[in-house]
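The values are calculated or read from the model by the stated rules, or taken from the named source; none is laboratory data. Quantities reported herein were computed from a predicted structural model and do not represent experimental measurements. Cβ sites come from the backbone with ideal geometry, for glycine too, and all protein chains shown count toward neighbours. Protein only, heavy atoms only, side chains kept; ligands, DNA and RNA dropped before computing areas. Shrake-Rupley method; radii C 1.70, N 1.55, O 1.52, S 1.80 Å.
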Amino acid sequence: MYKLLLCVRYLRTRYLAFVCIVSVMLGVATLIVVNSVMSGFSTKLKERLHGILSDVIVETERSNGFDESPAEVMAKLKATEAGPSIAAMAPTVEVFALLQFNLKDRYGRPVPVTKHVRMIGIDAEQQAQVGRFAQYLHRQKGSLHPSFALTPEALDRFTRNRLAADPDAAFRIPLEGTPPGQPQPGSFLNEPNITIPASPPVVVPPPDLAAPQTPRLPGVILGYSIAHTRWKDPETGEATEYALLKPGDDVMLATVGSGGFKPVYSTFVVTDYFQSEMSEYDGSFVYVPLDELQRLRGMDGKCNSIQVKLTDDVRDNPMFVNNVIVPQLAKAFHPTEARVASWQQHQGPLLAAIDIERGILNLLLFMIVGVAGFSVLAIFTMIVSEKYRDIGILKSLGASNRGILAIFIGYGLLLGVIGCLLGTGLGLAITEYINEIEAGLTAITGQQVFDRSVYYFDRIPTNIDPMTVLLVNVGAAGIAVLFSVLPALRAARLHPVRALRFE
Amino acid sequence: MLVADNLIKSYRRHADVVRVLNGLNLTVHDGEFVSIVGASGSGKSTLLHLLGTLDAPDAGTIWFDGRRIDNLPGRERDRLRNRTFGFIFQFYHLLPELSTLDNVLMPAYVNHSILGWWRTRRVWRARAEELLHRVGLGHRLTHKPRELSGGEMQRAAVARALMSRPRVLLADEPTGNLDVNTGNDIVRLLRELNRDDGVTIVMVTHNTELAAGTDRVIRMVQGRVQEERPSLLAAV
């Protein structure tokens, strides 16, 4: 009983103890805030990675895609043991490509700009069913039936572009229903070497801009960063965003055909943007209609990747997906034919890097608590020195060495627990109001603490993991106890007579 | 009851070894009030610490009720200090963080687990209050030691020493830090306890006048008992 009584009394009367509490509190709060923010970033990143990829990706490295048609490949997958766990599938064609479009220089002359991109041929509706593709679309955000169709505004811009470049072009706008596979003349300012149909162009009356008609030119959904550029004013620090390409503008995409190293290219009209808030993807992904890309590359309706969405009962169990579903699906193919991987396996190095980074940061931050531990050691040594006589008195009253040890270790634990509780409260409060705090700091210092333009996040993402909070608390309290052991042992071993005579 | 047989105790100060007790023999009978007098450095306090098992002799034995106590294992030695011996020190040695009542209750706190204390707390609290009333501190229960006078602190220390109903009180110059009148009050209190409760008391003092009020006076010189005689009071 005396141990508890004295622990509490020492806590109430020794102001030095509050230094220990504050040290532990700050350490715990820092760990919780940093972990929550890192976890927030990590969760957001994983969400986005998963959003772009479906649960399982089946892909072949063969240039001309799978031997079978997409329907046959999907049927093979459906016929495996994992078949019942498949909720939806979408065939895609993924190739590297060059994107070219024109900007105007200061004299209004067209200046071609070329970027290397990843061209993905998709069926927009099917793609929306296997992942969060539709959620990342700018104009058609969340649409159940996304498409590559032009809006009236985009069509208006398209027509105006044509008229500006070639006043006669307005009379040659190909309309919906034009036989596919025929390149369109005048569709690109740097007109590629496209065969002009032998038959005379369809002559139509000048378009009614109030009721435009959809051109047959295939649409393209561009990564947001491809179509936009940011300029940061060095004086004000304010970032301004400029659209390089708007819906209705046309671009040319060049890639290689499936039958060998033969360049192929075609013109596409921008219909929408894709904004996953992952700069790597937003700066390189270009979605085009699957059939258009198949045609362009001469793939004969084949694909080189199948995106598989799993049923809800298995998709949230990565261990099961990696160890059971993926091997079952892989059985459908010869190892040289296709590679089957879950989205985590697909992004393995990146996810591993995130985990390693987080682990190292935690280790470094835990040193803060280690510093708090040393303050506990220093202060406890002082307190034990102050309490020499009390220790002698207690021993004369029958307190055992173990009892004295327990008083000081208990004292350390009490300080640790109080520090942890306060630190947890502080950490959770900071995490909860981190955006408000960041805004306050930005207002005070004039420097933006969290540059939203870098991460595309409107708010600093946070994710409080109760297990992490618990581990931080246990660790911090453990360190407080660990560092109180040495002074406590010194107190316990004190000779009662020497303690009583201590001046 | 309490027998010291050929006790030897030395202290090492750097390279020097100072022998404080040099073959001391002593017997204290049950219910006796013994005072030990002697010059500074004669080994009085050391003897008291050895008798109370706060320290161990280099040689010789100490017996209590026929049982050797100088070589007891830690737990039994702690129990003996808690339940059988009561200590009173010259500088009171109250715990500054605790109230007078909690200081007096400390031996009971030491003796009980949290649950055990919770069950018996009323009994112990009543005893502590009764003891404080008995030593004249019934109105000072919640006061901290720093709010008490020297005499009051020593009376609180006496109450604490009596808390576990010890059989032996070991008092190390209990009046050494008090004025004459207050010192007399304390010795009178000890005498009452000895007479009314039958507590055996061994008191170390410099004051021969106070020592005269005890049953037997033992004079120590250079770590040995030089003279033992019944006090005048005892003779009366």
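Residue by residue through the range A:1-50, note down the ones that are out of contact with any helix residue (DSSP H, G or I) (no Cβ under 8 Å at 6 or more places or on another chain) and either surrounded by 23 or more Cβ atoms within 10 Å (Cβ to Cβ) or of a type in the set (S, T, N, Q) (or both). Scanning the range A:1-50 gives A:T13, A:T43.
Given the residues B:R160, B:R155, B:R83, B:R79, which is the only one that is open to solvent by 20 Å² or more (accessible area, probe 1.4 Å) and either away from chain A (no Cβ under 14 Å) or under 26 Å from A:L11 (Cβ atoms) (or both)?
Working: B:R160 fails: open to solvent by 20 Å² or more (accessible area, probe 1.4 Å); B:R83 fails: either away from chain A (no Cβ under 14 Å) or under 26 Å from A:L11 (Cβ atoms) (or both); B:R79 fails: either away from chain A (no Cβ under 14 Å) or under 26 Å from A:L11 (Cβ atoms) (or both).
None of the others qualify; the one that does is B:R155.
You will find that of B:L95, B:L132, B:L101, the residue that is surrounded by 18 or more Cβ atoms within 10 Å (Cβ to Cβ) and either more than 14 Å from chain A (Cβ to nearest Cβ) or within 30 Å of B:L7 (Cα to Cα) (or both) is B:L132 and no other. From the residues in the range A:275-310 that are touching a residue at least 40 places away in the same chain (Cβ under 8 Å) and farther than 30 Å from A:K78 by Cα, which one is least open to solvent (accessible area, probe 1.4 Å)? That would be A:D282. Among the residues of the range B:27-59, how many are closer than 18 Å to B:R167 by Cβ, part of a loop (DSSP other than H, G, I, E, B) and aliphatic (A, V, I, L, M)? Final tally of qualifying residues: 1.
Does the range A:253-278 hold any residues that are among the acidic types (D, E) and either in a strand (DSSP E or B) or not assigned by TED's automatic domain parsing to the domain that holds A:H228 (or both), and which are they?
Residues of the range A:253-278 that are among the acidic types (D, E), as a first pass: A:272, A:277.
Matches in the range A:253-278: A:D272 only.
So, A:R358, is that one within 14 Å of another protein chain (Cβ to nearest Cβ), surrounded by fewer than 20 Cβ atoms within 10 Å (Cβ to Cβ) and part of a helix (DSSP H, G or I) or not? It is false that A:R358 is within 14 Å of another protein chain (Cβ to nearest Cβ), surrounded by fewer than 20 Cβ atoms within 10 Å (Cβ to Cβ) and part of a helix (DSSP H, G or I).
Considering only residues of the range A:447-503 that are within 14 Å of chain B (Cβ to nearest Cβ) and touching a Phe, Trp or Tyr at 6+ places or on another chain (Cβ under 6 Å), which is modelled with the highest pLDDT?
Going residue by residue through the range A:447-503, those that are within 14 Å of chain B (Cβ to nearest Cβ) are A:492-503.
Imposing the further condition that a residue be touching a Phe, Trp or Tyr at 6+ places or on another chain (Cβ under 6 Å) reduces the set to A:499, A:502.
Working: A:A499: 83, A:F502: 67.
Ranking the qualifying residues of the range A:447-503, first place goes to A:A499.
Residues in the range A:230-247 that are farther than 25 Å from A:I52 by Cα and open to solvent by less than 60 Å² (accessible area, probe 1.4 Å): A:D233, A:G237, A:A239, A:T240. Screening B:L26 on (1) more than 13 Å from chain A (Cβ to nearest Cβ); (2) open to solvent by 10 Å² or more (accessible area, probe 1.4 Å) shows it passes everything except condition (2).
Taking A:V130 as the residue in question, decide whether it is modelled with pLDDT of 90 or more, surrounded by 13 or more Cβ atoms within 10 Å (Cβ to Cβ) and in the same structural domain as A:V314 (by TED's automatic domain parsing). No, not satisfied. For the range B:190-210, does any single residue satisfy the condition of being charged (D, E, K, R) and either touching a helix residue (DSSP H, G or I) at 6+ places or on another chain (Cβ under 7 Å) or assigned to a loop (DSSP other than H, G, I, E, B) (or both)? No, the range B:190-210 contains no residue that is charged (D, E, K, R) and either touching a helix residue (DSSP H, G or I) at 6+ places or on another chain (Cβ under 7 Å) or assigned to a loop (DSSP other than H, G, I, E, B) (or both).
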